[in-house]
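Asker: This is the structure I want to talk about, given as structure tokens.
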Amino acid sequence: MNLIGRMSFQVPGGMALTGFMLQFYRSVPAVVFWQWVNQSFNALVNYTNRNAASPITVKQMGIAYVSATSTALATAVGLNLYTKKAPPLLARWVPFIAVAAANCVNIPMMRQQELINGITVTDESDNRLGNSKKAAVKGITQVVVSRITMAAPGMILLPILMEHLEKYPFMQRIKVLHAPLQVLLAGGFLLFMVPAACALFPQRCSLEVSKLEPELRDRILARYGDNVQYVYFNKGL
């Protein structure tokens with residue numbers, strides 16, 4: 001497993017990218033550059049923390065990367081131009097909206113094999129029961145929610161804080177330190193939000209047998225009857 005893609009690297013990697021996205025939000029070139037860097041980082045994280053039992057081809061990874069990056073850039077640039085005449089705070093929230101939108105694309109696309117072929121489900125004793133697309137949808141949805149939750153406090157509250165702080169004379173005199181300050185503050189948020197967001201849903205996810213695809217559900221019922229009420233699977237991170 002590569003170092004940068006590990007969830008344990010999310011604080012140092014995420015704090016730098018979050019801080020720079022929040023600082024350099026005014027010009028289109030800066031927005032494009034930092035959103036591209038962020039989505040490149042996210043693609044690596046999503047690939048590293050996928051369910052390893054579902055392989056993905058280089059072509060599929062490329063499509064996922066281009067799709068997520070395009071979504072983030074289109075959202076960020078479009079809203080950046082739209083908010084030129086809006087209150088400054090709205091423009092500061094554009095990076096978060098772009099990140100949230102890209103997460104909704106990047107994670108499902110990077111884990112598309114799970115959605116196409118299903119994810120391995122087991123009984124409580126880890127005996128393999130089959131593959132389920134519905135289980136994959138539930139697991140990936142939870143990961144998307146966790147990732148957005150992870151980013152939300154820092155990317156929503158930090159702009160409000162900076163909007164107030166930048167009005168003070170002493171902050172006007174140290175503009176060169178605004179970016180490092182935002183990086184450090186973003187790190188403070190992520191220090192708490194990474195473990196909190198990862199713990200939002202159990203790693204070993206469960207789904208009622210009655211909610212599975214009819215074919216898999218009937219096969220489980222035929223073999224185990226009412227002895228198996230839930231199936232279990234690794235949702236990934």
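The values are calculated or read from the model by the stated rules, or taken from the named source; none is laboratory data. Just so we're clear, the structure is a prediction, and the values are computed from it rather than from any experiment. In this analysis, Cβ positions are derived from the backbone assuming ideal geometry, glycine residues included, and neighbour counts consider all displayed protein chains. The protein model used for the area step is the full one, side chains on, heavy atoms only, and it has no ligands, DNA or RNA in it. Shrake-Rupley method; radii C 1.70, N 1.55, O 1.52, S 1.80 Å.
Asker: Provide, for the range 82-237, the number of lysine pairs with alpha carbons under 22 Å apart, each pair being eight or more places apart or on different chains.
Answerer: Lysine pairs meeting the criterion: 11.
Asker: Checking a compactness column here: for the range 1-52, what do you get for Rg(Cα) / (2.2 N^0.38 Å), N being the number of residues?
Answerer: Against the compact-globule rule of thumb, the ratio is 1.23.
Asker: Using only Cα atoms, tell me the angle between helix 94-110 and the longest principal axis of the chain; keep it within 0 to 90° and round to the nearest 10.
Answerer: The two axes meet at around 30 degrees.
Asker: Treating only the Cβ atoms of Lys and Arg (+1) and Asp and Glu (-1) as charged, compute the dipole magnitude of the range 58-162 about its Cα centre; round to the nearest 20 debye. Don't jump to the answer; show the numbers that get you there.
Answerer: On the way: 10 positive and 4 negative charges, 88 e Å.
Dipole of the range 58-162, to the nearest 20 debye: 420 debye.
Asker: Still on this model: Considering the convex hull of the alpha carbon atoms of the range 86-216, report its projected area averaged over all viewing directions, in nm², one decimal. Spell out each step's value before the answer.
Answerer: Values: hull surface 42.4 nm².
Hull-based average projected area comes out at 10.6 nm².
Asker: Here's a follow-up. Could you work out what % of the accessible surface of the range 165-237 is carbon and sulfur, using a 1.4 angstrom probe and leaving DNA, RNA and ligands out of the count? Intermediate results must be reported in sequence, preceding the final value.
Answerer: Details: 2870 of 4530 Å².
C and S fraction of accessible area: 63 percent.
Asker: Using only helices, what value at 222 nm comes out for the chain when you add -39,500 (n - 2.57) per DSSP H run of length 4 or more and divide by the total residues, to the nearest 500 deg cm²/dmol?
Answerer: The helix contribution divided over the chain gives -22000 deg cm²/dmol.
Asker: Turning to a different aspect of this structure: What size of dipole, in debye to the nearest 20, comes out for the chain about its Cα centre when the only charges are +1 on Lys and Arg C-beta atoms and -1 on Asp and Glu C-beta atoms? Don't skip to the answer; put the middle values down first.
Answerer: Working: 22 positive and 11 negative charges, 129 e Å.
In total the dipole reaches around 620 debye.
Asker: Can you give the alpha-carbon Rg of the range 42-144 over 2.2 N^0.38 Å, where N counts its residues? Each step should come with its number before you reach the end.
Answerer: Values: Rg = 17.0 Å, N = 103, 2.2 N^0.38 = 12.8 Å.
Normalised Rg, Cα atoms only: 1.33.
Asker: Of the heavy-atom accessible surface of the range 1-146 (probe 1.4 angstrom), what whole percent is carbon and sulfur? Let's see the in-between values first.
Answerer: On the way: 4520 of 6620 Å².
Using a 1.4 Å probe with all protein chains present, the range 1-146 comes out at 68 percent carbon and sulfur.
Asker: Considering all alpha-carbon pairs of the chain, what whole percent are spaced by more than 22 angstrom? Intermediate values should be presented prior to the final figure.
Answerer: Values: 15768 of 27966 pairs.
Across the chain, Cα pairs with separations above 22 Å total 56 percent.
Asker: Under 13 Å from the 7 Å Cα→Cβ point of T149, by amide nitrogen: which residues of the range 183-211?
Answerer: Correct set: 193-203.
Asker: Going out from 0 in 10 Å bins, what whole percent of all Cα-Cα distances in the range 141-203 drops into each bin?
Answerer: Histogram of Cα-Cα distances, whole percents per bin: 21, 42, 24, 12, 3.
Asker: Please compute the per residue accessible area over the range 26-156 with all protein chains in place, 1.4 Å probe, rounded to a whole number of Å².
Answerer: On the way: 5760 Å² over 131 residues.
Value returned for the range 26-156: 44 Å² of accessible area per residue.
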